[in-house]
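Report on the structure given below.
The values are calculated or read from the model by the stated rules, or taken from the named source; none is laboratory data. What you see is a predicted model; the values in this text were computed from it and never measured. Ideal geometry is used to build each Cβ from the backbone, glycine not excepted, and the neighbour counts take in all protein chains shown.
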Amino acid sequence: MAAATGDPGLSRLQFAPFSSALDVGFWHELTQKKLNEYRLDEAPKDIKGYYYNGDSAGLPARLTLEFSAFDMSAPTPARCCPAVGTLHNTNTLEAFKAADKKLLLEQAANEIWASIRSGAALDNPVLLNKFLLLTFAIQALERAYDDLCQTEGVSALPYFLIKYDENEVLVSLLKHYSDFFQGALLLTRLSSHVIVGLLLICLTLTLEQPMSNFSAKTMLDPTLHPLCLA
């Protein structure tokens, strides 16, 4: 490698981690799958993405997931390399937080190693490009948000308040802040927290202007906790 020569004119070979690039079509398809097919099923699902190495210098290495990610036989875009992965979608935020991420990563790594030892990776090198996606979907929150938009006569709300317990989820407008959080619906461990939902564009996992503006407020009030929705 170049580093072994000690020549300052040669660049050191480095490995850059992927940056997730989840297209809005992926989230839409996941929502449809969750409502109509998966429902409460939390079993791992096979998904497919791709990456491209022809981007301009300075851009991150992106692993892209689109609406076709759930179709394992879907063609990979021209001049792109396929990657196979596993989706773990939980039904609650608590289950998402409690997931053993270290164990999930170890399982994925063991699958790669097994494909190497068995020789399967020689026949199908795509098995070396394995990734893991951990998400959660709160259907009660989606329904409450849709109902609030309908009540207000709008198609979307960029910011809104959230409180919940084990049995229900309630949402409201920001202007109802004082009255909305007087009740005892918040979980005990969240009793000192105010949850504000943000509707993001989320063409990638990079947070854009709405989150930047809200972050300025959270620095002034540490009890505010954003929950970003794609």
Worksheet item: Where residues in region 55-96 are among the acidic types (Asp, Glu) and modelled with pLDDT of 90 or more, which of them is surrounded by the fewest Cβ atoms within 10 Å (Cβ to Cβ)?
Response: Asp71
Response to the item:
Counted residues in region 107-145 being in a helix (DSSP H, G or I), surrounded by 12 or more Cβ atoms within 10 Å (Cβ to Cβ) and not basic (Lys, Arg) come to 20
Fill in: Considering residues of region 17-49 that are without any contact (Cβ under 8 Å) to a residue 40 or more places away in the chain and over 14 Å from the mean Cα position of the chain (by Cα) only, the residue nearest to Pro82 (Cα to Cα)
Lys48
Fill in: Verdict on Leu104 being closer than 29 Å to Ile195 by Cα, in a helix (DSSP H, G or I) and in contact with a His (Cβ under 7 Å, 6 or more places away or on another chain)
yes
Item to complete: Return yes when Arg143 is farther than 27 Å from Ala21 by Cβ, among the basic types (Lys, Arg) and not assigned by TED's automatic domain parsing to the domain that holds Tyr164 and no when it is not.
Response: no
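This table checks each residue for (1) in contact with a helix residue (DSSP H, G or I) (Cβ under 9 Å, 6 or more places away or on another chain); (2) farther than 24 Å from His28 by Cβ; (3) not assigned by TED's automatic domain parsing to the domain that holds His28.
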| residue | (1), (2), (3) |
| --- | --- |
| Tyr51 | no, no, no |
| Gly54 | no, yes, no |
| Ala69 | yes, no, no |
| Thr86 | yes, no, no |
| Phe96 | no, no, no |
| Glu106 | no, yes, no |
| Leu132 | yes, no, no |
Item to complete: Starting from region 93-121, keep only residues that are in contact (Cβ under 8 Å) with a residue 12 or more places away in the chain, then list their pairs with residues that are part of a loop (DSSP other than H, G, I, E, B) and surrounded by 13 or more Cβ atoms within 10 Å (Cβ to Cβ) whose Cβ atoms are within a distance under 8 Å, requiring at least 6 positions of separation or different chains.
Response: Leu93/Ile138; Ala95/Glu42
